[in-house]
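The numbers here are math on the coordinates, done by the rules we state, and not lab data. Keep in mind the model is a prediction, meaning the values are calculated, not measured. Cβ coordinates were reconstructed from backbone atoms using ideal geometry, including for glycine residues, and neighbour counts include every protein chain displayed.
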Amino acid sequence: MRNSTKTMMFRILSVLLLLVLTAAIAFWAVACDKTNEPEQTTEATTVATTAGTTAGTTAATTADPNVRGEGNTEFVFKVTTLAGESKTFTVRTNKTTVGEALLDAGLIEGEDGPYGLYVKKVDGETIDWDTHGKYWAFHVDGEYSMTGVDSTEIEAGKEYSFKPM
């Protein structure tokens with residue numbers, strides 16, 4: 001009987017040790033995934049946002065205010081506000097991703113985080129999870145996007161939008 005008690009204690013300790021090691025490896029993997037890149041990208045986003053606001057304002061004052069940017073590629077961008085109002089813009093760009101184009105056009109602002117660009121402001125309206133308990137949800141052709149705005153490549157004929165969720 002004493003031998004089986006030792007065996008059971010050994011198995012319990014082995015399982016506990018295995019769980020602790022697994023947790024340690026998981027925490028280590030997450031910690032090693034963080035780099036200094038988000039800090040550098042945040043500065044780039046701020047610069048792009050500032051430049052985009054200027055470009056968007058210039059385009060809006062010289063032509064149709066619902067047409068933003070300049071370039072060879074054109075797509076439709078819709079915004080639904082917290083009040084439920086919809087606005088539609090035509091975005092013209094030479095950028096390759098929707099996020100780059102919207103930043104450049106001054107239509108979005110945000111912060112880079114571990115999962116990409118966290119959009120906090122769309123067409124001048126700020127929604128922040130910490131403040132409002134809502135966030136800007138990115139949609140492609142009316143469907144919730146499985147990729148972030150900054151990693152979604154512009155495709156002809158697609159409609160991109162942000163809605164509060």
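Other residues within the sphere of radius under 13 Å centred on the Cβ of V76, judged by their own Cβ, net out at +1 (K and R +1, D and E -1).
Out of the trypsin sites (Lys or Arg not before Pro) in segment 59-142, which ones are loop residues according to DSSP with at most 13 other C-beta atoms within 10 Å? Spell out each step's value before the answer.
Working: sites: R68, K78, K87, R92, K95, K120, K121, K134; in loops: K95, K134.
Filter output for segment 59-142: K134.
Translational diffusion coefficient of segment 78-126 (Stokes-Einstein, Kirkwood radius from Cα pairs, 25 °C, 0.890 mPa s): 211 µm²/s. The residues packed around Y160, meaning those with a beta-carbon under 15 Å from its beta-carbon, carry a net charge of -3 if Lys and Arg are +1 and Asp and Glu are -1.
The string of couplings for segment 142-156 from the Karplus curve (6.51, -1.76, 1.60, θ = phi - 60°) is x, 9, 4, 6, 8, 10, x, 4, 7, 10, 9, 6, 5, 10, 4 Hz, one whole number per residue in order, with x for Gly and Pro. 3J(HN,Hα) along segment 107-119, derived from phi through the Karplus expression 6.51 cos²θ - 1.76 cosθ + 1.60 where θ = phi - 60°, amounts to 8, 9, 9, x, 10, 7, x, x, 10, x, 6, 9, 6 Hz, with x in place of Gly and Pro. As a calculated quantity, the FRET efficiency between L21 and Y115 at R0 = 45 Å, using C-beta atoms, amounts to about 0.95.
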